[in-house]
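Step one of this worksheet: look at the structure below.
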Amino acid sequence: MCSLDIERLLDDFWNTDTVLLNDFADSVRFIPLELTPKSRLTNINFHCCRWEDHYIVSSGVFNNFTGIISFDTHGRFEESLMEIGHGPTELPLGLYEWCFDSQTRELVVQGGHMTKLYSLPFHTAVRLDFKDHVSSLIPVGDSLYAFIGAMPHSGKTTEPFLSFYDRKGTLIKNLYYGHKRNINQERREGRVARIEEIKHLYHSGSGNAFFKDLYNDTIYSVGKGNLIPYLFLKTGKYAAKIKNLDNEEAKKKCFYFRGHGLSVTDRYVFINYIYEGRNCCSVWEKANGHTVANTIINNSPGSAGATSMVNNKHFIRYRTPLGKIVTVGIVGVEPKRMYAIIKSSDAMDFLPGINLESNPVLMEVTL
């Protein structure tokens with residue numbers, strides 16, 4: 001199990017934002033995405049995966065959902081796969097999130113208080129029926145899906161922290177904390193923390209799922225109904241503390257995971273976190289646990305950090321071919337590559353045909 005020395009990183013926090021994507025990427029390919037009335041995209045909540053010779057992308061959230069769209073490998077618009085609506089392949093209230101199940105070649109799509117499985121080969125969708133509303137639904141192999149309930153954990157040992165269902169909506173297994181293991185998740189004066197303060201379920205982009213809770217420095221790989229230790233975070237004096245959840249100043253001195261905060265490739269681990277009130281993204285080498293890059297975003301409006309990129313999966317600095325340093329959003333990962341977007345305002349300086357009205361430009365990065 002690999003260990004990441006978070007304490008060492010934060011000890012030198014303000015001197016770490018120096019490494020660029022250019023410094024460890026093997027190659028970068030730019031793919032301008034064709035703009036049509038059905039393929040208008042934004043920088044916000046951008047998702048991307050590659051299936052065969054197609055880029056599957058979406059952006060926006062809820063009623064601002066732009067649809068799940070297919071482009072060819074040159075960025076030419078092919079078709080809209082899912083839109084807002086009430087049809088079999090539509091979502092009534094827009095998108096919440098989706099991920100790609102490489103085993104079944106399906107998109108696992110959540111939105112409008114429902115979950116649908118969209119088959120890329122057959123262009124059909126089926127709805128998964130669950131007794132309870134769920135969030136962060138992730139495929140974990142053999143047509144099993146892990147999820148965290150939409151309500152935060154209450155501290156009761158009778159409440160599962162992770163559940164596994166099949167594609168028919170049948171409960172297969174619940175996982176529970178041990179006796180008194182989760183007693184610290186109760187709140188003073190009845191305060192209940194938001195779910196993102198307590199536990200996270202991540203789709204890695206490599207066909208795996210990962211789980212982490214606030215009070216445990218181990219990240220677990222989620223298998224077929226089981227948890228296996230995968231990464232250990234050495235947070236030391238920066239560990240999240242229950243007493244700090246109601247103290248914003250003290251909370252700034254602790255290390256907190258962000259939602260959608262973990263991705264893993266063959267060589268690297270990407271972690272989003274909050275420290276000193278800043279959104280940050282660190283990249284680690286799996287082989288030795290060393291920090292490769294650490295990007296710090298200033299949260300103030302209009303900052304040079306391009307705060308819209310924070311809403312993507314991860315973010316990092318990049319030096320354009322003309323030497324300008326910009327922030328790009330990482331929007332998808334695979335074992336040997338990742339996908340990022342660069343804003344049209346940053347790409348128009350070096351890519352012909354790009355202007356302020358253009359879609360964000362997709363970057364295919366080999367690692």
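Laid out as a table, the results:
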read-out	value
Burial ordering of His203, His113, fewest other beta-carbon atoms within 10 Å first	His113, His203
Residue-wise HN-Hα coupling along the stretch 339-352, computed from phi with Karplus coefficients 6.51, -1.76, 1.60 (Hz; x: Gly, Pro)	10, 9, 10, 10, 4, 4, 5, 8, 8, 5, 6, 10, 10, x
The stretch 107-115 - phi-based ³J(HN,Hα) in whole Hz, Karplus 6.51/-1.76/1.60, Gly and Pro as x	8, 9, 10, 10, x, x, 6, 8, 10
Projected label distance in nm at Glu78 and Thr124, using a 7 Å step from Cα toward the beta-carbon	1.9
Proxy reagent accessibility, fewest Cβ within 10 Å first, across Asp217, Asp26	Asp26, Asp217
Estimated FRET transfer efficiency when R0 is 45 angstrom, pair Asp26-Ile172 (beta carbons, to 0.05)	0.65
The stretch 1-107: GluC sites (Glu not before Pro) in DSSP coil with no more than 13 other Cβ atoms inside 10 Å	Glu52
Likely footprinting exposure, Val326, Val361, fewest C-beta neighbours within 10 Å first	Val326, Val361
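A short reminder: the numbers here are calculations on the coordinates, not readings from a lab. What you see is a predicted model; the values in this text were computed from it and never measured. Quick reminder, even Gly has a Cβ in these numbers, built from the backbone with ideal geometry, and neighbours come from all protein chains shown.
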